[in-house]
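A.B. asks: I have a structure here, written as structure tokens, and I will follow up with some questions on it.
Every read-out reported here was derived from the displayed coordinates using simple, explicitly stated rules and does not represent laboratory data. Note that the structure is predicted; figures quoted are calculated from it, not measured. Every residue, glycine among them, receives a Cβ derived from its backbone with ideal geometry; neighbour counts consider all protein chains shown.
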Amino acid sequence: MEENESASLEAFIGYRMPRYETIPNIGLYLNQVVKYISEVLEPFNGMEITESMISNYVKKRVIARPVKKLYYRKQISELIFISFAKQAASIEDVQVLLLRMRDDYGEGVAYDLFCEWFEQALRSTFPQGGFVEAPDASSERNRIERIVQTIVSIVASKVCLERCFEELQGE
């Protein structure tokens, strides 16, 4: 395994989400919110948040409007959650889930649970020390098997997720 690959795996294994109480609550302008959340998302290729995305979430009432153009901890934590959840679900489903999580657990607890669950998923997905590499020709086969197994797991999880949202919205 190359040194860069090992370093990137270590970043996932040891990754820690910012907990609710550590998220700024002093009021950040839109560009500051984008910068803060972009730093949270930085280890995850392809995940981003933009000013226009946030403005759309406000227009669609997915998150609360800023107060005098300032965003606070509650909105920022919701935007972090949205950034991750929209990778697997529609924004409408994410909005329903946000409301249910907040109602069931309270905003800070719901967000911190999400952080814990995400970190656990990363640790279980990325084995300590990286992917097992055999010294012979079967190494490539092991890598291909791991990729196919991951695809199968994602598809099965996506089917399960869609069914869960159908049930949630049917309540």
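A.B. asks: Taking the Cα-to-Cβ direction at S157 and at E116 and moving 7 Å from each Cα, how far apart do the two end points lie in nm?
C.D. replies: 1.9 nm
A.B. asks: Here's another thing I want to ask about it. Using only Cα atoms, tell me the angle between helix 73-85 and the longest principal axis of the chain; keep it within 0 to 90° and round to the nearest 10.
C.D. replies: Rounded to the nearest ten degrees, it is 40.
A.B. asks: While we're looking at this one, here's another question. Please list, in chain and number order, the residues 5+ apart from I63 or on another chain whose amide H is under 5 Å from its amide H, with Hs placed from the backbone.
C.D. replies: Under 5 Å from the amide H of I63 lie the amide H atoms of V58, each far enough along the sequence or on another chain.
A.B. asks: Counting residues in the chain as N, plug N into 2.2 N^0.38 Å and put the Cα Rg over that result.
C.D. replies: Details: Rg = 18.3 Å, N = 171, 2.2 N^0.38 = 15.5 Å.
For the chain, the normalised Cα radius of gyration is 1.18.
A.B. asks: If you don't mind, another one. Report the FRET efficiency, 1/(1 + (r/R0)^6), for E171 and E140, where r is their Cβ-Cβ distance and R0 is 41 Å, rounded to 0.05.
C.D. replies: About 0.30, to the nearest 0.05.
A.B. asks: Okay, next question. Once both axes come from the Cα atoms, what is the angle between helix 3-13 and the longest principal axis of the chain, in degrees from 0 to 90, rounded to 10?
C.D. replies: Taking Cα atoms only, the helix is inclined about 50 degrees.
A.B. asks: Enter the angle in degrees (range 0 to 90, nearest 10) between the Cα long axis of helix 91-105 and the first principal axis of the Cα atoms of the chain, meaning the one along which they spread out most.
C.D. replies: The angle comes out at about 80 degrees.
A.B. asks: Hand me the trypsin sites (Lys or Arg not before Pro) from segment 40-69 located in a DSSP loop with no more than 16 other Cβ atoms within 10 Å, in residue order please.
C.D. replies: Values: sites: K59, K60, R61, K68, K69; in loops: K60, R61, K68, K69.
The qualifying sites are K60, R61, K68, K69.
A.B. asks: OK, next. Give, in nm to one decimal, the length gained when the segment between R100 and T50 is fully stretched (0.36 nm per residue of separation minus the Cα-Cα distance).
C.D. replies: Value of the extension gain: 15.5 nm.
A.B. asks: Top mean-square fluctuation among R123, R146, R73, Gaussian network model of the chain, C-alpha springs under 10 Å?
C.D. replies: Judging by the Gaussian network model, the answer is R146.
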